[in-house]
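S.K.: Structure in structure tokens, see below.
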Amino acid sequence: MKLLYFLILCSTMVRGQIDSQERFYSDSRQYFVWSEDAQSYVLKETEYENSVIDIREINSKSNGYVAISVVDDGRARLYHGSIAGFSVNDKQEPTWQLRSKSMRSKLTLNPEANTFTYLFEADAKRYQKIFVFTIRRAAEVQASQEQ
């Protein structure tokens, strides 16, 4: 019996579990929409309103939840989805593929430019809308408020 307890204790120490949540704040974002006429994404507007992006990873980087809270013309909107996949491109930019009940989307972090690119409302060919958030990590915001 002591051996069983010891093995259980060792297995929990060896197999570490990811359970992390990161929060990012944004005070500006660009909004792009796909244009059939131009066959490219067209900038619709640059918005200077607050957004909060939460990424919660549970057990692995490809399992968890993402919630994006956006203030748009005084109204709060929520974009969210379960993490269905995770990858890192050749520029070392992490990308989370998201699925919700009615929509698939993708969130990519560019740590050098401090931006998140959120692609959403996909059809069979491409994503129709894009938000590009200028971000700050919650820890940075909290540290600057304490000074």
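Please treat every number below as a calculation from the coordinates, not as lab data. Not measured: the values here are computed from a predicted model. Glycine also receives a Cβ, built like all others from the backbone with ideal geometry; neighbour counts cover every protein chain displayed.
S.K.: Relative contact order of the chain, please, whole-number percent, based on alpha carbon pairs below 8 angstrom and at least 6 residues apart.
M.R.: Relative contact order of the chain: 20 percent.
S.K.: Right, here's the next one. Subtracting the Cα-Cα distance from 0.36 nm times the residue separation, let me have the gained length for LYS129 to LYS101 in nm, one decimal.
M.R.: Values: separation 28, 0.36 × 28 = 10.08 nm, distance 1.79 nm.
Full extension of this stretch gives 8.3 nm more.
S.K.: In nm², what is the average projected area of the convex hull enclosing the Cα atoms of the range 36-147?
M.R.: Its average projected convex-hull area is 9.2 nm².
S.K.: Considering only lysines 8 or more places apart in sequence, or on different chains, count the pairs in the range 31-147 whose C-alpha atoms sit under 15 Å apart. Before the final figure, lay out each step's value.
M.R.: On the way: LYS44/LYS129; LYS61/LYS106; LYS106/LYS125; LYS106/LYS129.
Value for the range 31-147: 4.
S.K.: Dipole size in debye (nearest 20) for the range 31-147 around its Cα centre, Lys and Arg Cβ +1, Asp and Glu Cβ -1?
M.R.: Around 500 debye, computed over the range 31-147.
S.K.: Only sites in a loop by DSSP and with at most 10 other Cβ atoms within 10 Å count here; which trypsin sites (Lys or Arg not before Pro) in the range 11-105 make the cut?
M.R.: ARG15, LYS91, LYS101
S.K.: Same structure again: Give the long-range amide H neighbours of ALA122: residues separated by 5 or more places, or on another chain, with amide H under 5 Å away, using H modelled in the peptide plane at 1.01 Å from N.
M.R.: Long-range HN contacts for ALA122: ARG104, GLN128.
S.K.: Pairs of Cα atoms under 8 Å, at least six residues apart: use those to get the relative contact order of the range 62-130, whole percent.
M.R.: 19
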